[in-house]
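Have a look at the structure below before the remarks.
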Amino acid sequence: MQETPRLFQDTAPYLRELIDIPQVPLLSRSTNSLCMLGSCFTWHLHNEALRGLGINSLFQWRTGFHFSTESLSNLLQRIAQETPHGEDDLYHYPDEIGGFRPFRYYFNQRFPVEQKEAVLAQLASLDAQCVASIRNCSTLLLVTGTPRVVRLKKNGQCVTVTAKMPAADYEHKRNSAEEEAGHLERFVAAVRQIRGGHLPTMVFMLSPMRYMFHPLCAETFDGGREQRERLGSPYVEDNLGKAILRVGLQTFLDKHTDEGFHYFPGYEVVMDEMRSHEAFCGSHAEVPHFPHVSHYVAKRFLGTYVAPKLVGQIESAATLNLLCQDIQATQMPGQVRILLENFVTNLLPRIVEQIGGDMPNAALLRAVLLLLGSATQHAPEQALACLQTLRQAVAQWPTVAIWGTGGNYQSVFSQTVQAFKEEMDFVLTDGNPASWGQTIDGIKVISPESLAERAVNFVLIASYHHDDIHARIRELGIPASVA
């Protein structure tokens with residue numbers, strides 16, 4: 001049985017024996033990217049775990065978030081076939097407020113009629129981002145959530161989210177295992193078409209989230225809550241749904257044994273390895289307590305599909321972040337030098353070995369730069385020597401873009417750029433046109449479109465709008481690792 005990485009120390013194994021998952025290093029280099037599609041747990045895995053580790057995880061909320069495989073497959077088919085956007089994409093609210101919503105995408109709000117053209121243009125942009133993520137990824141992860149779907153009564157179209165639609169306009173249905181297998185076939189066919197006939201490596205898993213639907217016979221029941229609950233428990237309904245998904249997925253996988261598809265038992269890991277951490281009532285009834293679940297599943301995912309040397313870099317980045325906090329917290333030059341000597345003696349040789357002449361993981365590079373930048377005030381010569389040692393370990397010294405030049409840049413990156421701009425090729429960019437052409441820390445700020453014309457290896461985000469910037473990077477086709 002494989003050794004799990006030492007990440008997320010608050011998620012120690014909950015069973016003495018873990019589920020045995022075959023190790024397959026699908027992500028072996030820092031430049032590999034993981035496109036993530038599916039249920040809400042996909043977002044938790046991306047946002048609360050993988051994104052912060054320098055894994056190039058690509059997730060777009062509007063197009064990628066779907067509770068059911070049918071809903072996702074419907075959208076990807078239309079994107080693959082380049083179907084023009086129009087009235088077929090919109091649901092019009094029949095109440096006095098009016099307005100519309102693109103029902104195939106994840107939008108919770110309604111839009112006024114006068115914004116129709118702008119929204120349709122936004123859908124085209126979202127499609128382009130989705131295509132870029134699927135085409136550029138080396139591995140694709142699909143997380144299936146529930147076989148329950150919501151369909152419009154007037155035309156049978158599958159709705160991604162109801163968002164205050166009148167209950168009389170839609171109905172709940174539960175797909176069969178056979179139907180789920182068929183939707184998986186359509187999903188793979190759409191991905192293949194988007195990528196021009198070939199597939200990435202694909203991983204499938206069930207979401208550990210509980211979807212607390214009442215049984216179908218209770219959805220249209222007009223009695224009180226107590227009487228409705230007598231018709232069946234949402235816990236039992238959820239287990240039925242997971243069983244349908246698992247049988248449908250296995251039926252699909254059994255037909256494609258030569259495709260190199262992988263099943264990751266994320267649902268089983270949570271239900272069995274984390275059983276003692278369950279919460280069956282209150283605000284955590286839908287899933288065991290976050291963020292432990294996403295961290296723990298990420299740890300098992302990394303131990304399964306990420307090469308050990310790359311996992312080692314991720315662990316080193318976590319250690320350096322703690323060391324950086326210690327350096328920033330002390331005002332004593334002698335203490336800073338001691339902490340830096342500890343880095344040189346114990347951590348730097350291990351990092352050099354983990355990189356092995358390749359490009360470093362984005363989170364590791366970010367951690368090293370911020371650590372050494374913080375140390376320059378009290379130990380500038382030591383910090384510079386450390387950077388030069390690291391430079392010798394990398395076959396091609398990277399060009400690093402920093403996206404964002406506002407307050408976050410000033411508090412996090414400015415000191416590092418000032419200290420090492422002679423040793424490193426830094427590029428500054430910002431989504432705000434008012435910043436373009438300005439000179440900050442001796443570097444001229446360029447537009448994101450100009451950045452796309454530069455050969456950059458890394459983009460470090462100095463902003464709180466990480467998802468939007470990440471999507472913009474992929475839309476511009478910038479082949480860089482992001483952290």
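Report, by residue number, each residue of the range 248-275 that is among the hydroxyl-bearing types (S, T, Y) and under 27 Å from E17 (Cα atoms).
Across the range 248-275, the qualifying residues are Y263, Y267.
Would you call V161 among the β-branched types (V, I, T) and at pLDDT below 90? Spell out how you get there, then give the answer.
Working: among the β-branched types (V, I, T): yes; at pLDDT below 90: yes.
Spelling it out, V161 is indeed among the β-branched types (V, I, T) and at pLDDT below 90.
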Next item on the list: State all residues of the range 320-364 that are without any contact (Cβ under 8 Å) to a residue 60 or more places away in the chain and either under 22 Å from the mean Cα position of the chain (by Cα) or in a loop (DSSP other than H, G, I, E, B) (or both); if no residue qualifies, say none.
Entry: N321, T330, Q331, M332, G356
Next item on the list: Would you be able to say whether some residue in the range 240-261 is of a type in the set (A, V, I, L, M, F, W, C), modelled with pLDDT of 85 or more, more than 20 Å from N32 (Cβ to Cβ) and touching a Pro at 6+ places or on another chain (Cβ under 8 Å)?
Entry: yes
Next item on the list: Pick out the one residue from T429, T405 that is β-branched (V, I, T), buried (at least 22 other Cβ atoms within 10 Å of the Cβ), over 29 Å from T330 (Cα atoms) and in the same structural domain as R472 (by TED's automatic domain parsing).
Entry: T429
Notebook entry, point to check: Pick from the range 262-292 the residues that are in a loop (DSSP other than H, G, I, E, B), more than 23 Å from the chain's Cα centre (by Cα) and surrounded by fewer than 13 Cβ atoms within 10 Å (Cβ to Cβ): which of them is modelled with the highest pLDDT?
Noted result: A279
Next item on the list: Can you tell me which residue within the range 72-103, out of those that are touching a strand residue (DSSP E or B) at 6+ places or on another chain (Cβ under 7 Å) and part of a helix (DSSP H, G or I), is surrounded by the most Cβ atoms within 10 Å (Cβ to Cβ)?
Entry: L72
Next item on the list: Output the residue which, of all residues in the range 201-239 that are among the polar types (S, T, N, Q) and under 20 Å from A181 (Cα atoms), is modelled with the highest pLDDT.
Entry: T201
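Considering Q129, Q157, Q109, which residue is surrounded by fewer than 18 Cβ atoms within 10 Å (Cβ to Cβ) and under 16 Å from L75 (Cα atoms)?
None of the other options fit; the residue is Q157.
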Note to self: Against the conditions (1) at pLDDT below 90; (2) within 18 Å of N457 (Cβ to Cβ); (3) crowded, with 17+ Cβ neighbours inside 10 Å, where does A318 fall short? Just the number, please.
What the structure shows: (2)
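Looking at Q382, Q392, can you tell me which residue is surrounded by fewer than 17 Cβ atoms within 10 Å (Cβ to Cβ) and either outside any strand (DSSP E or B) or outside the structural domain of I338 (by TED's automatic domain parsing) (or both)? If you could, list the steps in order and put the result at the bottom.
Details: Q382 fails: surrounded by fewer than 17 Cβ atoms within 10 Å (Cβ to Cβ).
Exactly one residue qualifies, and that residue is Q392.
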Notebook entry, point to check: Considering the range 432-448 alone, what residues qualify as being outside any loop (DSSP other than H, G, I, E, B), surrounded by 12 or more Cβ atoms within 10 Å (Cβ to Cβ) and among the hydroxyl-bearing types (S, T, Y)?
Noted result: S435
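What do you reckon, is Q109 part of a helix (DSSP H, G or I) and of a type outside the set (A, V, I, L, M)? Even if it seems obvious, please write down each step before you answer.
On the way: part of a helix (DSSP H, G or I): no; of a type outside the set (A, V, I, L, M): yes.
It is false that Q109 is part of a helix (DSSP H, G or I) and of a type outside the set (A, V, I, L, M).
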Notebook entry, point to check: Taking R174, is it basic (K, R), under 30 Å from T31 (Cα atoms) and either surrounded by fewer than 19 Cβ atoms within 10 Å (Cβ to Cβ) or in contact with a Lys or Arg (Cβ under 8 Å, 6 or more places away or on another chain) (or both)?
Noted result: no
Note to self: Looking at the structure I just gave you, is P112 over 30 Å from G241 (Cα atoms) and at pLDDT 95 or above?
What the structure shows: yes
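Conditions tested, residue by residue: (1) surrounded by fewer than 24 Cβ atoms within 10 Å (Cβ to Cβ); (2) assigned to a helix (DSSP H, G or I); (3) aliphatic (A, V, I, L, M); (4) at pLDDT below 90.
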position: E17; (1), (2), (3), (4): yes, no, no, yes
position: I21; (1), (2), (3), (4): yes, no, yes, no
position: P25; (1), (2), (3), (4): yes, no, no, no
position: R29; (1), (2), (3), (4): yes, no, no, yes
position: T42; (1), (2), (3), (4): no, yes, no, no
position: L45; (1), (2), (3), (4): no, yes, yes, yes
position: E48; (1), (2), (3), (4): yes, yes, no, yes
position: G52; (1), (2), (3), (4): yes, yes, no, yes
Notebook entry, point to check: Which residues, taken from the range 74-126, are in contact (Cβ under 8 Å) with a residue 24 or more places away in the chain and more than 25 Å from V191 (Cα to Cα)?
Noted result: Y91, Y93, P94, D95, R101, N108, Q109, R110, K116
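The values are calculated or read from the model by the stated rules, or taken from the named source; none is laboratory data. Everything numeric in this text was worked out from a predicted model, so none of it was measured. Ideal geometry is used to build each Cβ from the backbone, glycine not excepted, and the neighbour counts take in all protein chains shown.
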